[in-house]
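Trainee: Okay, here's the structure, questions in a sec.
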Amino acid sequence: MSKKTPRKKARLGRKIKQSRRIPLLATLRTHRKIEYNRNKRDWRKDKLEIKDE
């Protein structure tokens, strides 16, 4: 198992937050203009590219 640096961990956390589903209230308020999250990612197919600088 590899150790994550604090920087990489923060980035991973940010990507996880970005990939959350859109709240139902947001879709209702915008009259379905916002239907889906563009940052959503299929964990089986799309690999998460996080480069540690």
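Trainee: Residue check: is Ile50 surrounded by 10 or more Cβ atoms within 10 Å (Cβ to Cβ), aliphatic (A, V, I, L, M) and modelled with pLDDT under 90?
Mentor: yes
Trainee: Of the numbered conditions (1) at negative phi; (2) part of a loop (DSSP other than H, G, I, E, B), Leu28 satisfies every one except a single condition; which is it?
Mentor: All conditions pass for Leu28, except number (2).
Trainee: Only one of Leu48, Leu28, Leu24 is in contact (Cβ under 8 Å) with a residue 24 or more places away in the chain and not aromatic (Phe, Trp, Tyr). Can you tell me which?
Mentor: Checking each option against the conditions leaves just Leu48.
Trainee: Still on this structure, I have one more. So, in the stretch 3-23, of the ones that are open to solvent by 100 Å² or more (accessible area, probe 1.4 Å) and over 17 Å from the mean Cα position of the chain (by Cα), which residue ends up farthest from Lys47 (Cα to Cα)?
Mentor: Pro6
The values are calculated or read from the model by the stated rules, or taken from the named source; none is laboratory data. Small disclaimer: the values here were computed from a predicted structure and weren't measured. Heads up, the Cβs are rebuilt from the backbone with ideal geometry, glycines too, and the neighbour counts pull from every protein chain shown. These accessible areas exclude ligands, DNA and RNA; they are computed on the full protein's heavy atoms, side chains included. Shrake-Rupley method; radii C 1.70, N 1.55, O 1.52, S 1.80 Å.
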